[in-house]
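This report refers to the structure that appears directly beneath it.
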Amino acid sequence: MSASLDALRAALVAAFCAGLDDLDPAGLVERALAAEAGARRGRVCVIAAGKASLGMASGALRCWGDRITGGLAVTVAPPTRPGRASPPDPAEAAEDALRPLRVMRAAHPIPDARSVDAATAALTAAAALGPDDLLLALISGGASALLAAPPPGVALADKQALVAALLEGGAPIQEVNLVRRHFSRIKGGRLAAAAAPARVLTLLVSDVVGGLPHDISSGPTVPDPTCVEEALAALDRWAPRLARLAPAFSESLKPAEAPPQEARVLADPGLLAERVAAALAARTGLRAVAAPAEEGEARAIVERRLARARALAPGEAVVIPCEPTLALPPRRGAGGRAGWIALAALRDLPPDVALLCAASDGADGSSGAAGAVVASANADAIDADAIEAALARFDDAPVHRALGTRVETGATGHNLTDVHVIARDFARGGVR
């Protein structure tokens, strides 16, 4: 591979990281709360949940530390891999810095018993508030799994089976969260209902393409305009074998029933794409633009990326926030949707084009990486049949490791869905 194309690949990774840094969750929350600091009275209870929860909670404490009396911050527990050293747990370092908040950890994307404990703690804290108090909800992507409260009479194992069926079946995240909202004691505004008559202020960092507040992490504190019939239809589409759970579905909180509240989206996938494009242009001189967010089946996304790559002029780049779906078989290898798309596109990219596909939370499925950054020259080091076999087994991670195409960021403290960046090198001279 040419030095110029290597530099282009490195520039895409640097711009991706710079875009994430520019949307620091602590700073987003601190700025959002600064204008309200003089208007608060009564107690302030913080419920922070999601992959950006520690940063968001830190920003709240920096701004309102003298008013916050308690609450919790729920984050993702680090994965355990037999035979390997456990990665550092960012929540451990946050324990003291986030007092008086209780830091809790739970599983993602399939909830576990710790998710139930966290949901119970959140509901209990909300229920203790009075009419002069405020529930400050800091919600980011991932909170659907981290706060799990199965409906009455439903076992956690049933909740786990339902979520797994939806995710592995390739359901769009809006439909996954639609089902979750109507199959829960905390989602769909029920956490806000528990806090009534206290006021509720929800600050959101969105991982849902085009998501409204009730879509983000299944909307634990915001009213939900959807109904049980819509959720049952989604259940029938994506997990019909679990139709026995239908009687446990119930209506979520509706706008007319909600306590006094406000919800604001502080950052979303589109804003991240804009920041990545700006960073790429500043670092390389490429004419980089942010494109509208996309959703869709991963194979169709691959074809769109290749078509866009062929259409780019020299020195052009495009940044696309993307929420692909990928139906998975019960038996599969190690990988993720970002790495799978990059590998599927690898051989057919124009020779002067680089493609980055990365998860903004730093965790692309089971790959152990954020995703991959590739150019067609990477295919010279591997047999085409090996690529096809890896795609068929959904086992892209070993291939990217062998090719040196992995994007490794570690946990980013974000969740703003996936980002795809396509860039065509300058006609002469390479990246500036």
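The values are calculated or read from the model by the stated rules, or taken from the named source; none is laboratory data. Computed from a predicted structure; not experimentally measured. Neighbour counts are summed over all protein chains in view; Cβ atoms, including those assigned to glycine, are modelled from backbone coordinates with ideal geometry. Surface areas here come from the heavy atoms of the whole protein model, side chains and all, with no ligands, DNA or RNA. Shrake-Rupley method; radii C 1.70, N 1.55, O 1.52, S 1.80 Å.
Over the chain, what relative contact order in percent results from Cα pairs under 8 Å that are six or more residues apart? Computed value for the chain: 17 percent relative contact order. At full extension, ALA311 and VAL228 could sit 25.5 nm farther apart than now, given 0.36 nm per residue minus the alpha carbon distance. In the frame of its principal axes, the range 9-63 has Cα extents of 52, 22, 11 Å, reported largest first.
Relative to the longest principal axis of the Cα atoms of the chain, the long axis of helix 3-22 makes an angle of roughly 10 degrees. Computed over the Cα atoms of the range 370-426, the ratio of the radius of gyration to the Kirkwood radius (Rg/Rh) comes to 1.01. Starting from one equal scatterer on each C-alpha and no solvent at all, send me the Debye-based log10 I(q)/I(0) for the chain at q = 0.06, 0.13, 0.14 Å⁻¹, two decimals. Debye curve over Cα of the chain, log10 I(q)/I(0) at q = 0.06, 0.13, 0.14 Å⁻¹: -0.25, -1.10, -1.24.
Using the Stokes-Einstein relation with a Kirkwood hydrodynamic radius computed over Cα pairs, the translational diffusion coefficient of the range 203-247 at 25 °C and a viscosity of 0.890 mPa s comes to 204 µm²/s. Note on the range 228-367: semi-axes of the ellipsoid equivalent to its C-alpha gyration tensor, largest first and rounded to whole Å, are 36, 23, 13. Calculate log10 I(q)/I(0) of the range 230-300 for q = 0.16, 0.17, 0.25 Å⁻¹, where I(q) comes from the Debye formula with a single equal point scatterer on each Cα and nothing for solvent. Each listed q maps to, in turn, -0.88, -0.90, -1.06. Summarising the amide proton neighbourhood of VAL407: residues at separation of 5 or more, or on other chains, whose placed amide H is nearer than 5 Å comprise ALA370, GLY371, ALA372, VAL373.
Tell me the relative contact order for the range 89-191 as a rounded percent, counting alpha carbon contacts under 8 Å between residues six or more apart. Each step should come with its number before you reach the end.
Values: 93 pairs, mean separation 29.3, N = 103.
For the range 89-191, the relative contact order is 28 percent.
Computed across the range 296-432, the Kirkwood hydrodynamic radius from all distinct Cα-Cα pairs reaches 14.8 Å. For the pair the range 220-260 / the range 95-159, the C-alpha centres are spaced 19 Å from each other. Computed with every protein chain present, the accessible area of GLU229 is close to 120 Å² [probe 1.4 Å].
Here SER4 and ILE382 are evaluated by their C-beta separation; at R0 = 25 Å the FRET efficiency comes out at 0.70. Note on the chain: GNM, Cα springs under 10 Å; of LEU33, LEU343, LEU123, the largest mean-square fluctuation is that of LEU33. The Cα center of the range 185-201 and the Cα center of the range 338-398 differ in position by 43 Å.
Just the number please: accessible area per residue for the chain, 1.4 Å probe, all protein chains included, in Å².
Numbers: 16470 Å² over 432 residues.
About 38 Å² of surface per residue is accessible.
Projecting label points 7 angstrom from Cα along Cα→Cβ for GLU251 and ALA35 puts them 3.4 nm apart. Compared with the alpha-carbon gap, the fully stretched path from ARG99 to GLU168 is longer by 21.1 nm at 0.36 nm per residue. Under a Cβ-Cβ cut-off of 14 Å, what is the net charge of the residues other than GLU408 that fall near it, where Lys and Arg count +1 and Asp and Glu count -1? It works out to a net charge of +1.
So for the chain: antiparallel DSSP bridges make up what percent, rounded to the nearest 5?
On the way: 20 of 58 bridges.
Given both bridge residues lie in the chain, the antiparallel proportion sits at roughly 35 percent.
Per-residue ellipticity at 222 nm for the chain, helices alone: DSSP H runs ≥ 4 residues times -39500 (n - 2.57), over residue total, nearest 500 deg cm²/dmol?
Result for the chain: -11500 deg cm²/dmol, rounded to the nearest 500.
Residue-wise HN-Hα couplings along the range 57-72, as the Karplus relation 6.51 cos²θ - 1.76 cosθ + 1.60 with θ = phi - 60° gives them from phi, are 5, 4, x, 5, 5, 5, 8, 10, x, 7, 10, 7, 9, x, x, 8 Hz; Gly and Pro carry x.
Based on the alpha-carbon set only, what is the convex hull volume of the range 280-324 divided per residue, in Å³?
Details: hull volume 3.1 nm³, N = 45.
Cα convex hull per residue, to the nearest whole number: 68 Å³.
The orientation-averaged projected area of the convex hull spanned by the Cα atoms of the range 174-308 comes to 10.5 nm². Take the range 334-376, drop everything but the C-alpha atoms, weight them equally and run the Debye formula without solvent; then report log10 I(q)/I(0) at 0.21, 0.30 Å⁻¹ to two decimals. Each listed q maps to, in turn, -0.57, -0.93.
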